[in-house]
1. Let me spell it out: the conditions are (1) outside any helix (DSSP H, G or I); (2) free of Cβ contacts under 8 Å to residues at least 60 places away in the same chain; (3) within 30 Å of K119 (Cα to Cα), and I17 meets all of them except one. Which number is the exception?
2. Return the only residue of R115, R146 being surrounded by 10 or more Cβ atoms within 10 Å (Cβ to Cβ), part of a helix (DSSP H, G or I) and at pLDDT below 85.
3. Check the range 56-72 and report whether any residue there is part of a loop (DSSP other than H, G, I, E, B), at pLDDT 90 or above, assigned by TED's automatic domain parsing to the domain that holds D93 and closer than 20 Å to D93 by Cα.
4. How many residues are farther than 20 Å from I91 by Cα, modelled with pLDDT of 85 or more and of a type in the set (A, V, I, L, M, F, W, C) when one looks only at the range 14-35?
5. Cβ-Cβ under 6 Å, sequence separation 6+ or interchain: first residue in the range 56-84 and farther than 20 Å from Q107 by Cα, partner among the aromatic types (F, W, Y) and assigned to a helix (DSSP H, G or I). Which pairs?
6. Would you list the helices (runs of 4 or more DSSP H) that sit entirely within the range 154-256 and hold 3 or more residues that are aliphatic (A, V, I, L, M), modelled with pLDDT of 90 or more and out of contact with any Pro (no Cβ under 7 Å at 6 or more places or on another chain)?
7. Give the range 50-99 a look and list any residue that's farther than 25 Å from S12 by Cα, out of contact with any helix residue (DSSP H, G or I) (no Cβ under 9 Å at 6 or more places or on another chain) and surrounded by 18 or more Cβ atoms within 10 Å (Cβ to Cβ), or say none.
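The values are calculated or read from the model by the stated rules, or taken from the named source; none is laboratory data. Please read all numbers here as calculations on a predicted model, not as lab measurements. Virtual Cβ from ideal backbone geometry, glycine too; neighbours counted across all protein chains shown.
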Amino acid sequence: MNEYIYILSNRSMPGLIKVGKTTTHPSQRMSELHSTGVPTPFELEFSATVSSCDYSEKAAHRALANYRVTGNREFFRISIKKAIELILPVIGDYRIHDVKETHGIEQIRIEVDRREREKRDAEQARQIARQQEKNQREAERLGRRRAVEQNILAYEQKLRQLGPRPVKKELPTIGFFLVFCYLPIPIGWLVWAGALQVFETKSQTAGFVCLLLIIAGYIFNRIDNKNQAAFDIVHAPFQEIDNSLFGLRGELEKLP
């Protein structure tokens with residue numbers, strides 16, 4: 001069973017065309033329409049066999065939507081030639097069955113083919129532009145990552161060139177204890193309070209012992225401060241690189 005899409009005209013409705021579908025021969029459909037009260041018979045202007053007349057009719061009506069006379073009718077106010085030009089690209093696979101020579105179907109085919117080529121070329125150009133934009137974004141993304149990674153490698157190289165990390169010289173255990181005796185923390189307060197006994201005759205010895213602990217703690221605290229200052233000087237380049245690496249690695253994690 002063949003399926004058709006067709007264009008009809010009628011002298012009693014100048015300027016209007018009917019675009020419809022049929023599973024019988026278009027001439028039979030014309031006869032059926034003439035019996036519905038139309039004063040003059042319809043004339044077949046164009047017909048084509050299609051794989052699905054339902055699909056092709058809907059596609060044709062969408063293409064001609066701006067020219068439809070009423071919302072629920074198949075009549076359109078448009079020239080036949082222009083109607084053919086608009087529906088041929090959208091009705092799917094087709095084979096022209098009948099067309100009046102006056103409509104210049106070959107010229108229409110040439111025009112439709114030209115428009116289709118232009119659409120394909122434009123779509124291809126858009127795809128190429130989108131791909132180029134995508135490639136550029138990807139290149140920029142990789143460039144940003146590469147720049148950060150190169151900076152990280154450079155800082156890591158500097159870190160290796162600095163050699164082994166310095167280690168702070170720590171106090172002996174007794175030194176830590178004496179520092180606690182000197183500093184105003186709970187143990188230190190007890191020692192300082194004990195040192196006040198130097199002014200009391202009965203516990204003067206204990207007071208002198210506490211006073212010696214404070215003096216020794218002061219000395220070891222000075223030594224520890226000097227050790228820390230010396231360590232800070234030699235460790236400063238390492239710390240600067242560590243801070244830079246920390247920032248760069250955080251930046252790298254945020255990059256897509």
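1. (2)
2. R115
3. The initial filter retains those residues of the range 56-72 that are part of a loop (DSSP other than H, G, I, E, B), namely 64, 69-72.
Among the residues that remain, those that are also at pLDDT 90 or above are: 64.
Retained after the next criterion (residues that are assigned by TED's automatic domain parsing to the domain that holds D93): 64.
Filter once more, so that each one left must be closer than 20 Å to D93 by Cα: 64.
Looking for residues that are part of a loop (DSSP other than H, G, I, E, B), at pLDDT 90 or above, assigned by TED's automatic domain parsing to the domain that holds D93 and closer than 20 Å to D93 by Cα, one finds at least one in the range 56-72, hence yes.
4. Here is the first cut: in the range 14-35, the residues farther than 20 Å from I91 by Cα are 14-16, 27-28, 30-35.
Applying the additional criterion that residues be modelled with pLDDT of 85 or more yields 14-16.
Within this subset, residues satisfying the condition of being of a type in the set (A, V, I, L, M, F, W, C) are 16.
Qualifying residue count, the range 14-35: 1.
5. F76/Y67; R77/Y67
6. The qualifying helices (runs of 4 or more DSSP H) are 204-254.
7. The answer is C53, and nothing else.
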